[in-house]
Structure formats: structure tokens, C-alpha cells
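*Asks:* Supplied in C-alpha cells, the structure appears directly below.
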């Protein structure tokens, strides 16, 4: 039995139409929550909301990089619900482009979406959270917020920053009636990870087979059941990366070993995607097959 009572809770999930976000919304709604599904794709957000069990759900399109749109989002939540019980900062992005060839604009966008937008969303949501009798903030970070991913340094930078900020926010808001914590998943089988694999992205992500969105959702529910600053879907992996960071100067020696294992894991994952009909290889180049 869940220790957290979802009944009639107003729960807003950013990136709510994605693989992890939509899985969260389905879990919350099945337990009686009213979900605000937020996604840059308004049609997909509405579709997810319409398919949720129960009533009182809303799908809203919002570009979280646009301050005016974000303020309008929370104004709509205030008008429709009058409060916000749980804010889930779940939106995120990555890129397979290497740092030395990336555009400055792409760097700014990734930092802005992954790091700045969750902080601004949390700040703007404070009055709505204070109207709740049991206010929570849950943020999807990443094990990339602990361990540097050499092939995706901007993602690493954003997640290192997000983890630190959310630890500090959790300490600050605790005595103000808002409990904040983060989940730190490793690679998760979503469209974002599939795109990264076909683009030849960060092989460090594939040390082990990717977990499923349901694993991340379970960690979120665990965090709601037992409030704390951090929860890990795969505790064993988290202990390994935290141990490795005790001696960061050794990373140049161990990285080649991790990379070789990761490259083998990514090759296996691509073959699995092909067997599932989600990827194909044409003229030696991998590409995603869009799901119907």
C-alpha cells in the first residue's frame, strides 16, 4: 500500500507527454490524482490527459523556455484548481553532438531547458504549492548529475547543477511547508535514449541494459511515500558512481574501460530496438522507426 494519498491531489508533470512523464501521469491518475500534463507539444499533452483514468485532468502546451508561457501555465492552474499539491520537474533533453562542434545556441538551450526551467517553474509555483496542505516538488535529475558523462558535457553540466540546486532547495523549503526531492535514474528506455543510441551518442549510458519508465515512476512514488532529498531507481548503480567520484583524478584511467563496456551495451541495445521494430539500419546507418 502506498503511504502517499494521491486522492484528489493536483499533480503537474512537465515533459508529461514523453515516455517517463506519461508513465508518471498514468500512475498518478490510476491512484486518484488530477493530472496537469504539460508538454511543448500541446496535442500530445491533451491526448495523454484525455486517456488518463478518472476525471479532472488537463493537457497544456507550454514552451518552458518562454517565461510568459510558463507564467500563463501556472495562472491557468490557479484558475482551474486553486492550488498545486505536487510539481514534477521532469522535462529534459540531450544531444549527441560533441562539445567541440556544437553551436553556442544549442548549448544555451540545453542548459536553459534542463537546469534553468525547472528552477523557474519551481519558483513560480511557490504560491500554488503554499496553498496545498501537503506540498511536494519532485525533480527528475540523472546519475549524470553525479558522474561526468564525457561525451555529453552540457547534459552533465545541467544535471550536476540541477542536482545541487534541488538539494539546496530541498533544505531551504523544508521548514516552509514544501518537501522537495529528486530521483536520479540511469539510462531509461525512452524515445530520447533511442535517438541518442541511433545517433551514436553517449556510450557511457549503456553500462547495463536500460531501465524502464516504470522503474523511474516507482522511485518517484517511493519518494512521495517516504520524503527525502534523493531516491535512486537503481541503488547499486548509484553507489558505484558515487564511489568512483571519491577519486575523480582516476577517471582518465578508468574511462576507457567504461567506454568499451558502454559501446558493447549500446550495440546490444540497437539490436534490441531493431528486433522491436523501433530502429533500422540503412546503408550502415541507424535510424529510428517512428511508432504509430
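Values in this text are rule-based calculations from the coordinates and carry no lab data. Only a predicted model underlies this, so the values are computations on that prediction, with no experimental measurement involved. All Cβ positions, even for glycine, are placed from backbone atoms using ideal geometry, and neighbour counts span all protein chains on display.
*Asks:* Once the piece of chain linking residue 131 and residue 67 is laid out straight, how much longer is it, given 0.36 nm per residue of separation minus the C-alpha distance between them?
*Replies:* Working: separation 64, 0.36 × 64 = 23.04 nm, distance 2.23 nm.
Taking residue 131 through residue 67 to full extension adds about 20.8 nm, to one decimal.
*Asks:* Another one. Taking the Cα atoms only, what angle lies between the long axis of helix 19-30 and the longest principal axis of the chain, rounded to 10 degrees?
*Replies:* So the helix axis and the longest Cα principal axis differ by about 30 degrees.
*Asks:* Run the helix sum for the chain: -39,500 (n - 2.57) per DSSP H stretch of 4+ residues, divided by residue count, reported at 222 nm to the nearest 500 deg cm²/dmol.
*Replies:* Details: 10 runs with 136 residues, N = 292.
Rounded to the nearest 500, it is -15000 deg cm²/dmol.
*Asks:* Follow-up question, since we're still on this one. Have a look at 232, 81, 269 and tell me which one the Gaussian network model of the chain (Cα, springs below 10 Å) gives the largest fluctuation.
*Replies:* Sorting by GNM fluctuation, first place goes to 81.
*Asks:* In µm²/s, what is D for region 119-232 at 25 °C and 0.890 mPa s, where D = kT/(6 pi eta Rh) by Stokes-Einstein and Rh is the Kirkwood radius from Cα pairs? Can you show the working numbers first?
*Replies:* Details: Rh = 15.1 Å.
The calculation lands on 163 µm²/s.
*Asks:* Can you give me the relative contact order of region 1-86 as a percent, contacts being Cα pairs under 8 Å and 6 or more apart? Present the calculation step by step, with values, prior to reporting the outcome.
*Replies:* Values: 154 pairs, mean separation 23.5, N = 86.
27 percent.
*Asks:* Oh, and also: Pulled fully out, how much extra length does the chain show between residue 247 and residue 288, if you take 0.36 nm times their separation in residues and subtract their Cα-Cα distance? Could the numbers behind the result be given before it?
*Replies:* Numbers: separation 41, 0.36 × 41 = 14.76 nm, distance 3.81 nm.
My answer for the length gained is 11.0 nm.
*Asks:* Now a separate question. Show me the ranking of peptides 200-212, 276-288 by mean Cβ neighbours inside 10 Å, starting with the highest. Don't skip to the answer; put the middle values down first.
*Replies:* Working: 200-212: 20.0, 276-288: 11.8.
Descending packing order for the listed peptides: 200-212, 276-288.
*Asks:* Give the separation of the Cα centroids, region 103-135 to region 263-291, in Å.
*Replies:* Going from one Cα centre to the other spans 34 Å.
*Asks:* Quick check: residue separation of residue 171 and residue 96 times 0.36 nm, minus the Cα distance between them. What number comes out in nm?
*Replies:* Details: separation 75, 0.36 × 75 = 27.00 nm, distance 3.40 nm.
Here the answer is 23.6 nm.
*Asks:* With the radius of gyration and the Kirkwood radius both derived from the Cα set of region 48-106, what is their ratio Rg to Rh? Mind dumping the intermediate values first?
*Replies:* Numbers: Rg = 16.3 Å, Rh = 14.6 Å.
Rg/Rh for region 48-106 comes to 1.12.
*Asks:* Quick check: pseudo-label points 7 Å beyond the Cα along Cα→Cβ at residue 78 and residue 7, how many nm apart are they?
*Replies:* 3.0 nm
*Asks:* Of all DSSP beta bridges in region 10-288, what percent run antiparallel (nearest 5)? Mind showing how you got there, number by number?
*Replies:* Working: 4 of 29 bridges.
Approximately 15 percent, going by the DSSP bridge assignments.
*Asks:* Direction-averaged shadow area of the convex hull around the Cα atoms of the chain, nm²? Provide the component values of the computation, followed by the final result.
*Replies:* Details: hull surface 62.8 nm².
Taking the Cα atoms of the chain, their convex hull projects to 15.7 nm² on average.
*Asks:* Using only the alpha-carbon atoms, what does region 99-162 span along each of its principal axes? Please give whole angstrom values in decreasing order.
*Replies:* 48, 24, 11
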